[in-house]
Each structure stands twice: as structure tokens, then as C-alpha cells.
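The values are calculated or read from the model by the stated rules, or taken from the named source; none is laboratory data. Bear in mind that the values here come from a model prediction, so they are computed numbers and not experimental data. Every residue, glycine as well, gets a Cβ built from its backbone with ideal geometry; the counts of neighbours run over all protein chains shown. Just so you know, the surface numbers come from the protein's heavy atoms only, side chains and all, with ligands and any DNA or RNA stripped out. Shrake-Rupley method; radii C 1.70, N 1.55, O 1.52, S 1.80 Å.
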Amino acid sequence: MSKVVISGYYGFNNAGDEAVLFSIVTTLKQLKPDVEIVVLSNDPVKTSQQHGVKAVNRWKVQEVMAAVGKCDLVISGGGSLLQDVTGSRSAIYYLGIVQMAKLLRKPVIYYANGIGPVTRTLTKTLIKIVSNKVDTITVRDDKSLQDLIEMGVTKPLARVTADPALGISREAIDLARGQELLGELGIEINSEKPILGICVREWKGLQDYTNKIAKVADEVASQGWQVVLLPMHYPHDVLPSLRVAKAMNYPAVVAEKEYHVKDILAMIGNLELLVGMRLHALIMSAVMNVPFVGISYDPKVDRFLELMGLEGAGTVHGLNENSLKDKVFSAIRGKIELKELLHRQMQELSQRARESAILAISLLK
């Protein structure tokens, strides 16, 4: 039996990262049913229960070292692990796990990582030194590949695949469960009232963007739509979600409790349109073939929109209310064409997402 250790931002109640883990675990088990997976997690008990894997505390060095020492492969990713926009400690931690694995002579794969933003010279130097020791590197977009090359990472040559969450099968998601959960929030299901979903997050103390989103949501609600706010990172996204709802004149509901990633996917699958800031809110919409409008707070959002052949509605810094309104109502008018576009793009991207798992399995002895 082969043993794999997965290192990433897991066990932090972030639905996007949990979607990434869900996809990685599911795909690895499809390709190699007897694989034993151990996840380095902030909450090992919850991670084990939610994903059906073994898990150890990512902060306990002895537990991590023991897991890595017994494994046949270390997977670093997915997600934006190698960046320093939130501070240099994140990249240092994940590079430290990789360095530990190489000292213990274990193969390592970067699994569809998103790279950057990286601004500090020290971070760039560490990424270059450690990453050139990795056995296989896959990244989720062309610009992440370019970032690695510019930092001097050339051994091995990175390969562009796709974000792991894009490999989630829509057929594996229970839409009836999503209807049940939305019904519990007071959303009318199977009515003539379409549902607008909104996913927002805090960002550097800014608040004006929530008021502008609320005004546009009111415009949509005035057309007979229902509005639900879906926090992706619990409980961090609850407060900005409540701010949007409270700023609206029409009623809106906030999903204030924590949900399993499959439940969030199921709820998104019942939406008519999603307006989102978080990358994986947009990715989940694409997976569920739900048209979306993206608001950027980070280059990774712009990169995904470009990958899908879409233009964003602007950034949280000085978000233009009229531009957002135009994008939202354009998406509503062109929903059929948007769904067709998402379907075409997902046919390729879902296969590319699977490539990272195939490369990972090939490293197992």
C-alpha cells in the first residue's frame, strides 16, 4: 500500500481549500483505490471525518516528521501556498515541509499550485532554492508558471494543469440536498423567483464595496429575485455577508453556519447567478454550470476569469457600482450563452485538473 502526505491550507474552515482537498483525495482514490492518505491539518479530527483520510496536526513537528518519514510521496498543494501577500510565514511553512521531505529523501510534487503574489526578496530566494529540488511541479495557470520561471525555478520545468477543484464532478453533488438547505434558510425552491448568490470576504479593512454590492443586489431583487449570501470561509466571511444583507432594502438571507463543501456546492448548483469575490466561489459556480460575475481582490481571481474567457466586474479597490450592475444584468440576459461557455471550458479544464493526480501517482514506487 502506498502512503501519500498532503500539505496545504486544510482544517481552517475555508470551503475553497476544502474543495481542493476533496478533489485531490477523490481523484487519487479513483486512480489508486488502495492509496493511504495523510493530511497535515489545522483540525485533524474534522479533516479525517469530512474527507475519510488520516490526518495529523500540522503544527506538531514530530507528528509531521513521522508522517513524512513513513510516506512514499508528499503532495504540496493545491491553493496559493507560495505567496507572501499575507506575510512571509505562509510560504516559509510550506517550503519547510518540502525541505523536510527532501531531507528524508521523499519525492515531492507541487500539485496545481497558484504562485504569488511574491514581493519579498527572501521569499523569492527560498522558493528558488527549495523548488528546484522538487520532483514534479504543476501549476494552475500560465502566469503562475511565468512567476516560477522569473524566480529561477527551472528544475523540473513546471507544467500547467488546472485548479484541483475544477476536477470535481457535478454529478457527484446532490442538488436536492442544496434545495433542502436553501429551504431551511427561507429560500423558496421550485418557484418563479430565481436565486442570486453572493460570496464576499473581508479585505484590508475596506467596506465601501459591500454597500455597492448591496445596491446592485437590491436592483436584482426588485426584479423578483431572492438573494442569499454564502460565506466561504467560516466564520470570517459571515460579518461582511451580514453587512451586505443589512445594507439592502430588499430582504436577503445569510447562511450563517458552517457547511460541508459538498453542501455549499449543492446550494450553488441551485442558483441562477453568483456574484463572488473568492476564487473558489467562482470555481464552484463553474463546476456546477452556474453563471457568475467575479469581483477581484487578488490576481488569482483575474487569472481565473481570464482562463474562463470572462471579464471581471472590477476590483474591491474603488469598485464601480454601475460597472458591477452592467456585468450582473448582462450575465442575467446572456445566461444561456454563459452556461454554454462554462460547459465548453469545463470539458477541458476538468481533464487538465486530473493530470496533476496522474503525475502524482506516477511518482509512487
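For the chain, what % of the accessible area comes from carbon and sulfur atoms, probe 1.4 Å?
About 50 percent, which is the carbon plus sulfur part of the accessible surface.
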Square roots of five times the Cα gyration tensor eigenvalues for the stretch 272-351, Å
20, 15, 9
In debye, nearest 20: dipole of the chain around its Cα centre with unit charges on the Cβ of K, R (+) and D, E (-)?
1360
Where Lys and Arg each count +1 and Asp and Glu each count -1, what net charge lies around PHE12 among other residues with Cβ under 9 Å from its Cβ?
-3
At 0.36 nm per residue, minus the direct Cα-Cα distance, what do ASP142 and LYS54 gain on full extension? Give it in nm, one decimal, please.
28.4 nm
Considering only PRO291, GLY269, VAL238, whose Cα is most displaced toward the positive end of the charge dipole of the stretch 229-350, charges sitting on Cβ of Lys, Arg (+1) and Asp, Glu (-1)?
VAL238
Counting only protein heavy atoms and rolling a 1.4 Å probe, one gets per residue an accessible area for the stretch 16-116 in Å² of 38
How would you rank 192-200, 73-81, highest first, on the average number of other Cβ atoms within 10 Å across their residues?
73-81, 192-200
Using a Gaussian network model of the chain with C-alpha springs under 10 Å, which one of ARG159, ARG333, ARG243 is most mobile by mean-square fluctuation?
ARG333
Sites matching trypsin sites (Lys or Arg not before Pro) across the stretch 198-240 that sit in DSSP coil, with at most 11 neighbouring C-beta atoms within 10 Å
LYS204
Return the sequence-ordered ³J(HN,Hα) values of the stretch 165-178 in whole Hz as given by the Karplus equation 6.51 cos²θ - 1.76 cosθ + 1.60 applied to θ = phi - 60°, using x for Gly and Pro.
5, 5, x, 5, 7, 4, 5, 7, 9, 8, 5, 5, 5, x
With DSSP loop assignment and no more than 10 other C-beta atoms within 10 Å, the GluC sites (Glu not before Pro) in the stretch 1-104 are none
For the stretch 111-180, alpha-carbon Rg relative to the globular expectation (2.2 N^0.38 Å, N residues)
1.48
Taking every pair of alpha-carbon atoms in the chain, what share in percent sits in each 20 Å bin, from 0 to the bin with the longest distance?
31, 57, 12, 0
Using the alpha carbon gyration tensor of the stretch 14-172, what are the three equivalent-ellipsoid semi-axes (square root of 5 times each eigenvalue), largest first, in whole Å?
24, 19, 15
Counting only heavy atoms of protein chains, what accessible area per residue, in Å², does the stretch 235-298 have with a probe of 1.4 Å?
29
Spacing of the two label points (7 Å from each Cα toward its C-beta) at ASN42 and ASN132, in nm
3.3
Helix-derived mean residue ellipticity, 222 nm - over the chain, DSSP H n ≥ 4, -39500 (n - 2.57), to 500:
-14500 deg cm²/dmol
Per-residue HN-Hα couplings for the stretch 311-322, Karplus 6.51 cos²θ - 1.76 cosθ + 1.60 at θ = phi - 60°, whole Hz, x for Gly and Pro?
9, x, 8, x, 10, 5, 7, x, 4, 8, 4, 5
Mind jotting down the three principal axis lengths of the stretch 109-227 based on Cα atoms? Whole angstrom, largest first.
56, 38, 21
Angle, helix 208-221 long axis vs. longest principal axis of the chain, Cα atoms, 0 to 90°, nearest 10?
50
So what are the ³J(HN,Hα) numbers for the stretch 281-288, from phi and the Karplus equation (6.51, -1.76, 1.60; θ = phi - 60°), rounded to whole Hz, Gly and Pro as x?
5, 5, 5, 5, 4, 4, 4, 8
Set the Förster distance to 30 Å, then compute FRET efficiency between GLN30 and ALA66 from the Cβ-Cβ distance, nearest 0.05.
0.60
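Considering only DSSP beta bridges where both residues belong to the chain, give the percentage that are antiparallel (nearest 5).
For the chain, the DSSP antiparallel bridge percentage is about 5.
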Between the helical axis of 335-362 and the dominant principal axis of the chain, each derived from Cα atoms, what acute angle in degrees is found, rounded to the nearest 10?
10
Find the percent of Cα-Cα distances in the stretch 251-296 that exceed 11 Å, and round it to a whole number.
66
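About the Cα centre of the stretch 1-144, what is the dipole size in debye to 20, counting +1 per Lys and Arg Cβ and -1 per Asp and Glu Cβ, all else neutral? If you can, show how the numbers build up before the last one.
Values: 18 positive and 11 negative charges, 85 e Å.
Here the stretch 1-144 has a charge dipole of around 400 debye.
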Hey, which of these cross-link pairs are over 29 Å Cα-Cα: LYS54/LYS204; LYS54/LYS106; LYS46/LYS215?
LYS54/LYS204; LYS46/LYS215
Work out how much length ARG159 to GLU180 would gain on full extension: take 0.36 nm times their residue separation and subtract the Cα-Cα distance, in nm to one decimal.
3.5 nm
Setting aside same-chain residues fewer than 8 positions from LYS335, which lysines have a Cα under 19 Å from its Cα?
LYS193, LYS325, LYS327
In debye to the nearest 20, how big a dipole does the stretch 178-254 give about its Cα centre with +1 on each Lys and Arg Cβ and -1 on each Asp and Glu Cβ?
340
Averaging over every viewing direction, what projected area does the convex hull of the Cα atoms of the stretch 220-268 cover, in nm²?
3.5
So LYS102 and GLU192, fully extended at 0.36 nm per residue minus their Cα-Cα distance, gain in nm 26.6 nm
